[in-house]
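Data first, discussion second: the structure below is written as structure tokens.
Taken together, the values in this text are just the output of simple stated rules run on the coordinates, not laboratory data. Bear in mind the structure is a predicted one, so any value in this text is a computation, not a measurement.
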Amino acid sequence: QVHLVESGGGLVRAGGSLRLSCAASGRTPSNWVTGWFRQRPGKEREFVAFINWSGTSTYYSDGVKGRFTIARDHSEDTVYLQLDSLIPEDTAVYSCAVVPHYSTTPTEYRYWGQGTQVTVSS
């Protein structure tokens, strides 16, 4: 069992930045992948980015590539998502999750956090 807790969301103006954290307890198994997803108002959950257990491989959706950065800190068993150059369309609930292989499909992820709200004003 892996328990994930997100934090770092908030209200920011367009062009601003936020750093989201996904802290794991119960130790994420080695070779598992951590992904970030978001759900915008009235939309389905969508993939944002993932990182492998070693932190050596990352992948981003086209909509956030070049603006968001995912990173892992093993000492704290935490995965971060740095959100830069935010736009109002980034407004969503952001959630992290883990899966034992590379995947951008939400239904394949095994454990989820509760999510953190990001609101970008124009």
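Rounded to the nearest angstrom and listed largest first, the equivalent-ellipsoid semi-axes of the stretch 18-122 from its Cα gyration tensor are 22, 14, 13. Once you treat every alpha carbon in the stretch 71-122 as an equal point and sum by Debye, what is log10 I(q)/I(0) at q = 0.26, 0.29, 0.32 Å⁻¹? The Debye formula, applied to the Cα set alone, gives -1.14, -1.18, -1.21.
Counting only the Cα atoms, the stretch 1-61 fills a convex hull of 121 Å³ per residue.
Over the stretch 62-116, what is the mean sequence separation of C-alpha contacts under 8 Å (at least six apart), divided by residue count, expressed as relative contact order in percent? Walk me through the numbers before you get to the answer.
Numbers: 50 pairs, mean separation 13.7, N = 55.
Taking the mean separation of contacting Cα pairs over the length of the stretch 62-116, I get 25 percent.
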